[in-house]
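Below is one structure, written out as structure tokens; the observations come after it.
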Amino acid sequence: MAAVNRGGLLYARFGPNGVGVVMLLIGIAMAAIGLVWARYG
């Protein structure tokens, strides 16, 4: 539930564009972590 509430706060503060940017950044970060994990893990 906390994640949903946090998403709602992001949406209220930044609007749809802000949420999209945050999701994009999270996706990039997860992809980078995945690449490092695959190479060094």
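Converting the Cα gyration tensor eigenvalues of the chain into ellipsoid dimensions via √(5λ) gives semi-axes, longest first, of 27, 12, 4 Å. Each residue, L25 and R13, gets one label point 7 Å from its Cα in the Cβ direction; the gap between the two is 1.0 nm. Rounding to the nearest 10 and keeping the result within 0 to 90°, find how far the Cα-based axis of helix 2-40 lies from the longest principal axis of the chain. Helix 2-40 and the main axis of the chain meet at about 0 degrees.
None of the figures in this text is laboratory data; all of them are computed from the coordinates on show. In this text the structure is predicted, and so the values were computed from the model without any measurement. Counting neighbours? That spans all protein chains shown, and the Cβs are built from the backbone with ideal geometry, glycine included.
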